[in-house]
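J.: If you scroll down you'll find the structure; I have some questions about it.
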Amino acid sequence: MPKLASVLFALSLLLTPLGFAKDKPKSTLPTYVLHARTIKVIVDPKAGVSIDDPQANQVAQRDVETALMNWGRFEPVLAMQSADLIIVVHRGHGRVVDQTISDSRQNNRTGMIATSDNAVTIGAQHGPQNQPDVDGAPAHPQTEIGGSDDSFTVYQGGVEDPLDGSPAWRYTAKDGLRPHSVPAVDEFRKALTEAEKAAAKHP
């Protein structure tokens, strides 16, 4: 028993700093996110085209753009070079392993993003699916593993190869990109609000 008591006492000394230490609160988001004003939404370049729902990722992209414009904090832009932040979306397919079709043209779009009479208008043109992509390589079937949930990832814009950097924030959840409501944008909004409060308390 004395030996056990000594061990327990030693463990309590080790655990006490972890339980009672109070670190200075830090912003949960990098400063560049708090200062960002323009944003570019793209489909995950690694995402394949779902056989069951070929337009799922493009619909998610437009829904996220619409939700961001309704929020009013950021201005979605079409040019990657002019974006302070890059948001990468990937609609999950509800299965751990799924067969999709590769198509690098999912982010090839032209058009405009504008508002009028409190309505959001996002004009874009998409080519037909399953045609040769821009580099001449034909689309082909592929297997996606681990993409059962929707994902919404935020990267720093204005840098070289932004998607090669560490993400500033990520949200992954079933139906996180659910049409119209888009819970991922709501969660990002909450995270940004909390980060601003933390930054204001500890400038």
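The values are calculated or read from the model by the stated rules, or taken from the named source; none is laboratory data. Note that the coordinates shown come from a computational prediction; the quantities given were computed from them, not determined experimentally. Positions of Cβ are backbone-derived with ideal geometry, glycine not excepted, and every protein chain shown enters the neighbour counts.
J.: Can you name the residue in the stretch 70-111 that is at pLDDT 55 or above and on the phi > 0 side of the Ramachandran plot and is also surrounded by the most Cβ atoms within 10 Å (Cβ to Cβ) among such residues?
T.: Gly94
J.: Which members of the stretch 34-62 meet the condition of being part of a helix (DSSP H, G or I) and either at pLDDT below 95 or under 13 Å from the mean Cα position of the chain (by Cα) (or both)?
T.: Within the stretch 34-62, Ala56, Asn57, Gln58, Val59, Ala60, Gln61, Arg62 qualify.
J.: Same structure, new question: Does Ala67 meet the test of being part of a helix (DSSP H, G or I) and among the small types (Gly, Ala, Ser)?
T.: yes
J.: If we only count strands (runs of 3 or more DSSP E) wholly inside the stretch 116-197, which ones have 3 or more residues that are at pLDDT 90 or above and surrounded by fewer than 18 Cβ atoms within 10 Å (Cβ to Cβ)?
T.: In the stretch 116-197, the matching strands (runs of 3 or more DSSP E) lie at 169-173.
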